[in-house]
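**Q** The structure follows.
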Amino acid sequence: MSSLKPVTSPKPINSLIPDWPAPKTVAAAITTRHGGCSRAPFNGNNLALHVGDNESDVEANRQLLARSLGLAEQPLWLQQVHGTEIVYEPNANGTPVADASYSDKAGAACVVMTADCLPVLMCNQQGTRIAAAHAGWRGLCNGILRKSVAIFPPEDQLMAYLGPAIGPKAFEVGAEVLQAFIDRAQNAQHAEAIKAAFVPALAGKYLADLYALARVELACCGVKAVYGGDYCTFNDAKRFYSYRREPETGRFASLIWLKNLD
């Protein structure tokens with residue numbers, strides 16, 4: 001870890017606001033790499049402590065993020081491992097090993113960090129419960145979205161927002177990835193929908209569409225109100241970090257929280 005001190009005046013961060021009809025009690029934001037104080041090769045608003053960036057720079061970026069979004073406290077940062085563990089944000093301590101969190105308490109922000117994997121934000125249409133999930137292909141394949149949907153009561157009607165991820169023209173995978181999804185298909189219709197998300201490429205490879213795979217998973221769970229899914233982190237170097245483009249890189253954040261309207 002570098003011993004460099006953070007710059008004294010980090011630049012204002014830049015965040016995107018998801019375009020979806022969330023209830024007025026639900027707030028969400030997605031950071032970009034603009035702003036902050038991380039230096040090369042992280043250049044800007046890196047929010048991850050595990051990528052080799054200077055820790056004090058990252059902490060400064062996190063503090064700036066909380067202030068810029070008007071959060072009363074820091075979000076629950078996770079130690080993401082491409083798994084399917086989900087934690088309840090209000091009761092969690094430290095940095096839980098998990099790939100999703102949920103909350104029904106105002107002011108408790110759920111957050112996931114990504115740099116090509118798919119961030120998925122969820123809420124119920126009553127605006128009383130929220131969740132954020134880190135859905136790379138392994139998490140998608142192993143059921144992170146199914147588990148995230150299952151933490152909501154069955155009577156809740158859900159909506160989801162698919163944040164910036166590597167796009168379908170840039171995500172090349174091997175045949176084993178397609179097979180892993182097929183092996184976990186719930187039925188023949190599900191398997192056919194999965195196959196449609198993989199386009200054959202050269203040398204036995206495939207171009208995989210994470211957005212399509214997420215929509216398939218959510219549809220199987222009864223979630224039809226799905227928004228977003230129109231970015232490509234790999235091809236948008238000005239705004240987003242991408243691990244496939246630059247293995248030594250930062251992470252941006254996708255956050256969702258319940259507002260206190262009292």
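The values are calculated or read from the model by the stated rules, or taken from the named source; none is laboratory data. No experiment lies behind these values; they were computed from the predicted model shown. FYI the Cβ positions are ideal-geometry reconstructions off the backbone, even for glycines, and counts take in every protein chain you see.
**Q** Here are the criteria: (1) exposed (fewer than 13 other Cβ atoms within 10 Å of the Cβ); (2) within 23 Å of the chain's Cα centre (by Cα); (3) more than 21 Å from Trp20 (Cα to Cα). Tell me which single one Glu192 does not satisfy.
**A** Evaluating Glu192 over (1) exposed (fewer than 13 other Cβ atoms within 10 Å of the Cβ); (2) within 23 Å of the chain's Cα centre (by Cα); (3) more than 21 Å from Trp20 (Cα to Cα) leaves (2) as the failure.
**Q** Can you tell me which residue in segment 87-114 is nearest to Ala133 (Cα to Cα), limited to those that are surrounded by 21 or more Cβ atoms within 10 Å (Cβ to Cβ) and of a type in the set (Val, Ile, Thr)?
**A** Only one residue tops the list, namely Val112.
**Q** Hey, among the residues in segment 106-129 that are in a loop (DSSP other than H, G, I, E, B) and not hydrophobic (A, V, I, L, M, F, W, C), which one's farthest from Ile30 (Cα to Cα)?
**A** Gln126
**Q** Further question on the same structure: Which condition from (1) farther than 15 Å from Ala115 by Cα; (2) within 15 Å of the chain's Cα centre (by Cα) is the one that Phe252 breaks?
**A** Against the list (1) farther than 15 Å from Ala115 by Cα; (2) within 15 Å of the chain's Cα centre (by Cα), Phe252 comes up short only on (1).
**Q** Next question, about the same structure. Could you please let me know if Gly83 is over 14 Å from the mean Cα position of the chain (by Cα) and surrounded by fewer than 24 Cβ atoms within 10 Å (Cβ to Cβ)?
**A** no
**Q** So, Ala66, is that one out of contact with any strand residue (DSSP E or B) (no Cβ under 9 Å at 6 or more places or on another chain), among the small types (Gly, Ala, Ser) and farther than 18 Å from Thr249 by Cβ or not?
**A** Considered against the rule, which asks whether it is out of contact with any strand residue (DSSP E or B) (no Cβ under 9 Å at 6 or more places or on another chain), among the small types (Gly, Ala, Ser) and farther than 18 Å from Thr249 by Cβ, Ala66 comes out as yes.
**Q** Another question, if that's okay. Could you tell me which of the residues Ala160, Ala165 is outside any loop (DSSP other than H, G, I, E, B) and either of a type in the set (A, V, I, L, M) or over 21 Å from the mean Cα position of the chain (by Cα) (or both)?
**A** The unique qualifying residue is Ala160.
**Q** Aliphatic (A, V, I, L, M), more than 25 Å from Arg251 (Cα to Cα) and more than 23 Å from the chain's Cα centre (by Cα): is that true of Ala197 in this structure?
**A** The answer is no for Ala197.
**Q** Looking only at segment 21-44, how many residues end up being more than 16 Å from the chain's Cα centre (by Cα) and assigned to a loop (DSSP other than H, G, I, E, B)?
**A** Going through segment 21-44, the residues more than 16 Å from the chain's Cα centre (by Cα) turn out to be 21-26, 34-44.
Remaining after also requiring assigned to a loop (DSSP other than H, G, I, E, B): 21-25, 34-35, 37, 39-43.
Total meeting the criteria: 13.
**Q** Let me ask something else. Go through segment 1-60 and report how many residues are farther than 19 Å from Val111 by Cα, hydroxyl-bearing (Ser, Thr, Tyr) and modelled with pLDDT of 95 or more.
**A** Total satisfying the criteria: 2.
**Q** Scan segment 47-105 residue by residue and report those that are part of a helix (DSSP H, G or I), hydrophobic (A, V, I, L, M, F, W, C), free of Cβ contacts under 8 Å to residues at least 40 places away in the same chain and closer than 25 Å to Ser148 by Cα.
**A** Passing the criteria: only Ala66.
**Q** Find the residue count for segment 172-189, including only residues that are assigned to a helix (DSSP H, G or I) and over 15 Å from Leu145 (Cα atoms).
**A** Selection size over segment 172-189: 10.
**Q** Another question about this same structure. Provide a single number: the residues in segment 130-157 that are assigned to a loop (DSSP other than H, G, I, E, B) and either more than 20 Å from Trp77 (Cα to Cα) or modelled with pLDDT under 95 (or both).
**A** So the answer is 7.
**Q** Let me ask something else about it. Considering each residue of segment 117-139, count those that are more than 19 Å from Glu89 (Cα to Cα) and buried (at least 24 other Cβ atoms within 10 Å of the Cβ), and give that number.
**A** Residues that pass the stated criteria total 3.
**Q** Taking segment 222-262 as the search range and keeping residues that are surrounded by fewer than 17 Cβ atoms within 10 Å (Cβ to Cβ) and hydrophobic (A, V, I, L, M, F, W, C), which one is farthest from Pro164 (Cα to Cα)?
**A** It comes out as Leu261.
**Q** To continue, here is another question. In segment 36-64, what residues are more than 20 Å from Cys117 (Cα to Cα), out of contact with any helix residue (DSSP H, G or I) (no Cβ under 7 Å at 6 or more places or on another chain) and among the small types (Gly, Ala, Ser)?
**A** Ala40, Ser56, Ala60
**Q** Out of all the residues in segment 204-262, which are of a type in the set (A, V, I, L, M), in contact (Cβ under 8 Å) with a residue 40 or more places away in the chain and not in a helix (DSSP H, G or I)?
**A** Of all residues in segment 204-262, those of a type in the set (A, V, I, L, M) come to 207-208, 210, 212-214, 216, 218-219, 223, 225-226, 237, 253, 255-256, 258, 261.
When the remaining residues are screened for being in contact (Cβ under 8 Å) with a residue 40 or more places away in the chain, the result is 208, 210, 212-214, 218, 223, 225-226, 253, 255-256, 258, 261.
Matches in segment 204-262: Ala208, Val223, Ala225, Val226, Ala253, Leu255, Ile256, Leu258, Leu261.
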